[in-house]
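Worksheet: the structure to be examined is printed underneath.
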Amino acid sequence: MVLVGVEIKETEVSDEDFAEMKGFVRDYLAASVESEDDGGRMRWYPWHSASYRFNHILNVVDLATDIAEAEGADVDVVRVAAVFHDVAKLEAEQDVHAEAGARVTREYLQSRGNYPESFIEEVCGAVVDHSYTGDLDDVSLESRCLIEADVLDKVGANGAVLMLLRMGYESRTHMDAAKMVDRVLQRAHDHTERVVSDTAESIAHQRIKRVKWLREWLEEEVSQMDAEGVTDR
């Protein structure tokens, strides 16, 4: 809608409505695994649990909102898509979880509130697009903000800690810590090459800098411990 040359948004998502969406997604993720006696597909990794997945979603919501605000995207479309983007992650296979999540999103938005179909289409489109691996110039601005936020949550201090947690599952010792953090740095550089917005690039560089600091500290201190151990023998 346009009035005297000023665009008026037809859709406003209140804080109360958004809180209900977050509650729904949290409960949906928990319900996706509660009937699985063995913990389900890859649930022995902490980052495949319902609690980790929901925390990842909240991180992506914050990042995507910041990027959307700075880049001039429709913030309501972006943050609603962000909160639903992994809703089906724990019940669907990886290659179809985006489409499955879009179906859940559509059912929710059509059954609650009075959201225009155009808004629902934009949100569901971004949910589907979030697993897109091609050129980000080929998707909508709102989809791009979500994709950039999703990949950025996997780098930085958060990604480094998750990678260090993985050492125990791979029967590695602290001596491999720097090597594991190298994986995060490589992934961070790969993701940085994908993002296109100035805002996302700035966030990526900040996070890469933190990981580099962590890697330097690990390399220096672990090397010292190793040297002391050899000397004491």
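Give the residue, chosen from Ala200, Ala98, Ala157, that is within 20 Å of Asp62 (Cβ to Cβ) and surrounded by 14 or more Cβ atoms within 10 Å (Cβ to Cβ).
Exactly one residue qualifies, and that residue is Ala200.
Test Ala31 against the stated conditions and say whether it is of a type outside the set (Phe, Trp, Tyr), assigned to a helix (DSSP H, G or I) and either at pLDDT below 95 or in contact with a His (Cβ under 7 Å, 6 or more places away or on another chain) (or both).
yes
I'd like the full set of residues that are of a type in the set (A, V, I, L, M), open to solvent by less than 20 Å² (accessible area, probe 1.4 Å) and either closer than 23 Å to Arg187 by Cα or under 20 Å from the mean Cα position of the chain (by Cα) (or both), limited to segment 118-152.
Scanning segment 118-152 gives Val123, Ala126, Val127, Leu136, Leu146, Ile147, Ala149, Val151, Leu152.
Which of the helices (runs of 4 or more DSSP H) found entirely inside segment 120-233 contain at least 1 residues meeting this: out of contact with any Phe, Trp or Tyr (no Cβ under 7 Å at 6 or more places or on another chain) and modelled with pLDDT under 85? Before you say what the answer is, go through the steps one by one.
Details: elements: 141-152, 156-169, 177-194, 198-232.
The qualifying helices (runs of 4 or more DSSP H) are 156-169, 177-194, 198-232.
Is it the case, given these coordinates, that Tyr115 is within 23 Å of Ala92 (Cβ to Cβ), among the aromatic types (Phe, Trp, Tyr) and over 18 Å from the mean Cα position of the chain (by Cα)?
On the way: within 23 Å of Ala92 (Cβ to Cβ): no; among the aromatic types (Phe, Trp, Tyr): yes; over 18 Å from the mean Cα position of the chain (by Cα): yes.
Here the answer is no, as Tyr115 does not meet what is asked.
Only one of (1) modelled with pLDDT of 95 or more; (2) part of a helix (DSSP H, G or I) fails for Val87. Which number is that?
(2)
The values are calculated or read from the model by the stated rules, or taken from the named source; none is laboratory data. A quick note: this is a predicted structure, and the numbers were derived from the prediction, not measured. Positions of Cβ are generated from backbone atoms using ideal geometry, with glycine treated the same way; all protein chains shown enter the neighbour counts. With ligands, DNA and RNA removed, areas are computed over all heavy atoms of the protein, side chains included. Shrake-Rupley method; radii C 1.70, N 1.55, O 1.52, S 1.80 Å.
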